[in-house]
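Report on one structure; see the data block that follows.
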Amino acid sequence: MKLTLRQNAIVSEIDRCGVVADIGCDHGQITLGIVLRDLCDKIIATDISPGSLEKTKRLFEEYGLLHKAEFRVCDGLDFETPVDVCIIAGMGGLNISGILNRARALPQKLVLQPMRDTQTVRDTLLTLSYKITRDFTVIDKGRKYDIITGIREKGIGNRKRTAPQTIPFSLTSVP
């Protein structure tokens, strides 16, 4: 299966790990791309739409890889299974931020690709104690896609940052 440039860029942000969750997997192409590259032991494909999740399941069946995935109809990260990496791609930034803020538990690593409101996603990552390790744009078929990878700060657990992150700056008068 051939991935688009955007999909390939998202998958390339995944390091080999135990469990990956693809939230809002839609057609399942990114989900399958991760499994075909053997980047995880198990993948959890979720979507709020039973029809979309069925497309993903059929794709995995076509490749004989149903045993490598769990398929769940749910809203965002609304499940108990711990995951190492979570992908949320192809949604608006406000929706992505809402999913992260409502999550029962958050993974160590997030790979996010908002369709708009990218700054809101960045702000949410910082509020949730993630360090943004990669933030880049891919142009695919003439359209720009922002991809943001965040790593959870050690020792934070599921606590949210209580104070905004401060960034030192200074003002200088120009004559």
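The values are calculated or read from the model by the stated rules, or taken from the named source; none is laboratory data. Please read these numbers as outputs of a predicted model, since none were measured by experiment. Reconstructed Cβ throughout: ideal geometry from the backbone, glycine too, with neighbour counts over all protein chains shown.
Annotations for the structure displayed:
- Residue check for residue 137: farther than 23 Å from residue 82 by Cα, without any contact (Cβ under 8 Å) to a residue 24 or more places away in the chain and of a type outside the set (A, V, I, L, M, F, W, C): yes
This table checks each residue for (1) of a type in the set (Ser, Thr, Tyr); (2) at pLDDT 95 or above; (3) in a helix (DSSP H, G or I).
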residue: 52; (1), (2), (3): yes, no, yes
residue: 58; (1), (2), (3): no, yes, yes
residue: 64; (1), (2), (3): no, yes, no
residue: 67; (1), (2), (3): no, yes, yes
residue: 77; (1), (2), (3): no, no, no
residue: 81; (1), (2), (3): yes, no, no
residue: 88; (1), (2), (3): no, yes, no
residue: 94; (1), (2), (3): no, yes, yes
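- Residue 92 surrounded by fewer than 17 Cβ atoms within 10 Å (Cβ to Cβ) and under 20 Å from residue 27 (Cβ atoms): yes
- Any hit, the range 12-20, residues being modelled with pLDDT under 95 and either touching a strand residue (DSSP E or B) at 6+ places or on another chain (Cβ under 6 Å) or within 27 Å of residue 140 (Cα to Cα) (or both): no
- Among (1) part of a loop (DSSP other than H, G, I, E, B); (2) at pLDDT 95 or above; (3) within 22 Å of residue 14 (Cβ to Cβ) - the single one residue 105 does not satisfy: (2)
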